[in-house]
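The values are calculated or read from the model by the stated rules, or taken from the named source; none is laboratory data. Note that this is a predicted model, so its numbers are computed, not measured. When we count neighbours, we look across all protein chains shown, and the Cβ atoms used for this are built from the backbone with ideal geometry, even at glycine. Please note that ligands, DNA and RNA were not included when accessible areas were found on the heavy atoms of the full protein model with its side chains. Shrake-Rupley method; radii C 1.70, N 1.55, O 1.52, S 1.80 Å.
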Amino acid sequence: MNTVRDNDTKATQQDAAALRATMVEQLRAQGELRTDAVIRAFATVPREAFAPEAPLEKVYDRDDVVITKRDENGLALSSVSAPRIQAMMLEQADIQPGMRVLEIGSGGYNAALIAELVGPDGEVTTVDIDPFVVDRAERYLAEAGYPQVRVLLVDAEGGVPEHAPFDRIIVTAGAADIPPAWTEQLAEDGVLVVPLRMRGLTRSVALVREDGHLVSRGYQLCGFVSMQGSGANAERLVLLRGEDIALRLDGGQTADGEALSAALTSPRVVRPSGVEVGGFEPFDELDLFLATALDDFGLLVATPAGIESGLVERSTRMGAKTTLVGGSFAYRASRATSEERTSFEFMVYGHGPDAETVADRYVEVIREWDRAHRGGPGARIEVFPAGTPDAEIGEGRLIDKKHTRVLISWPASS
Ligand SMILES: C[S@@+](CC[C@H](N)C(=O)[O-])C[C@H]1O[C@@H](n2cnc3c(N)ncnc32)[C@H](O)[C@@H]1O
């Protein structure tokens, strides 16, 4: 009996090793894994040990998350993040041997990768707000050979002062803000990598200190489960057609739901932008530019039933980037410009009494991005403490949060 089980275990380990090698190759091919140390960590840590509930193929899919906990409505509360997101963030973090690293949001796997990167002279602390996650992360880390990782049950809003300062802080839950504790507990030349939510869009931003505030040295598109606890994301849904079509806004924003509902069912205007993209060209940079340039900005979201109603385009399934002006709004979708569907033109749809003006302004912004920023260095994101006077902050889109003032600006491409 035992021999059969031993053979099964051996086969599973061989399968896992082969899948791990393939995953690493894929992450390298896509440019998500770049540096030798991070590649070695991914090739070493047995990811399956941290997600024993999932089939091996899923565990080693470079683009797949393993959800480990959901709330009563099925919303994901915790997961082992997708390998490509973990690779991208660890590359952003530039972790060196001997460093002290804080991971916010545990799962075990990412902490084990960090433990590989810091080596025996480093120190890894991972914290989670959920006892279920802490318990399993602690157990799996010990079983996989990483008992040195410190796993703590903590609401990360206050950080972990007793083990600070940290050379790197990596946040692995979607953050609406940057609480003072994170900045205070970051070493002077430290790096904070955080999936920061700005006007409904989340980017993993690598931040360093510069002249008394934090400045981005790069950012990447990403998606994360939301932060819970005292820093939980305050989001608002303005329902436009029951729960089937709604506007998702940041906490502090207001909108005239009644007027916008009426606008939704009024005849719309359609504006071709004249700006085309290739089928595989990412346009998350355009979205961030829109969120910077357009005054009132949110996401128009629709369920399949909402899309079936014919009132909104399919782009609303994932959240269409939308500008609001009083009782009017406009959003972006695209239409194929080749039969093979390898190129697309951005289209703008306007609704409401000022539909034409709002849609025209939106088109102008798309053209400005195309002319001045497409393929350029991207945005500069700066984080100032709340209360910093305007006069000490440069030009750009200023987003006021509870603890911080976030400035997004777009240096001209050279
Ligand atoms: C995507 S999971 C973390 C994934 C993990 N880093 C891994 O190894 O893949 C996000 C985690 O953040 C945790 N979390 C959410 N809000 C938190 C808070 N305020 N403090 C600490 N942890 C929090 C959740 O419980 C969840 O387990």
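Taking the stretch 270-297 as the range and being buried (at least 18 other Cβ atoms within 10 Å of the Cβ) and more than 24 Å from the chain's Cα centre (by Cα) as the test, the residues that pass are Arg271, Ser273, Val275. If you filter the stretch 65-85 down to residues that are touching a residue at least 40 places away in the same chain (Cβ under 8 Å) and within 25 Å of Gly119 (Cβ to Cβ), you find that the one that is farthest from the chain's Cα centre (by Cα) is Pro83.
Within the stretch 262-284, one or more residues are closer than 27 Å to Ala173 by Cα and touching a strand residue (DSSP E or B) at 6+ places or on another chain (Cβ under 6 Å). Just so you know, in the stretch 203-224 the residues that are of a type outside the set (A, V, I, L, M, F, W, C) and open to solvent by less than 30 Å² (accessible area, probe 1.4 Å) include one that is farthest from the chain's Cα centre (by Cα), and it is His213.
Residues in the stretch 83-127 that are assigned to a helix (DSSP H, G or I) and farther than 19 Å from Gly145 by Cα: Pro83, Arg84, Ile85, Gln86, Ala87, Met88, Met89, Leu90, Glu91, Gln92, Ala93. Does at least one position in the stretch 305-314 carry a residue that is in contact with a Phe, Trp or Tyr (Cβ under 7 Å, 6 or more places away or on another chain) and within 26 Å of Ala234 (Cα to Cα)? No, because not a single residue in the stretch 305-314 is in contact with a Phe, Trp or Tyr (Cβ under 7 Å, 6 or more places away or on another chain) and within 26 Å of Ala234 (Cα to Cα). Among residues that are within 12 Å of the ligand (Cβ to nearest atom), open to solvent by less than 30 Å² (accessible area, probe 1.4 Å), out of contact with any helix residue (DSSP H, G or I) (no Cβ under 7 Å at 6 or more places or on another chain) and at pLDDT 95 or above, Ile104 is not included. Might you check whether a residue that is at pLDDT 95 or above and more than 29 Å from Val205 (Cβ to Cβ) occurs anywhere in the stretch 373-386? Scanning the stretch 373-386, I find no residue that is at pLDDT 95 or above and more than 29 Å from Val205 (Cβ to Cβ), so the answer is no. Within the stretch 368-391, not a single residue is over 30 Å from Arg405 (Cβ atoms) and either in contact (Cβ under 8 Å) with a residue 24 or more places away in the chain or surrounded by 22 or more Cβ atoms within 10 Å (Cβ to Cβ) (or both).
Can you say whether Ala259 is in contact (Cβ under 8 Å) with a residue 60 or more places away in the chain, surrounded by fewer than 18 Cβ atoms within 10 Å (Cβ to Cβ) and not in a strand (DSSP E or B), as far as the supplied structure shows? Yes.
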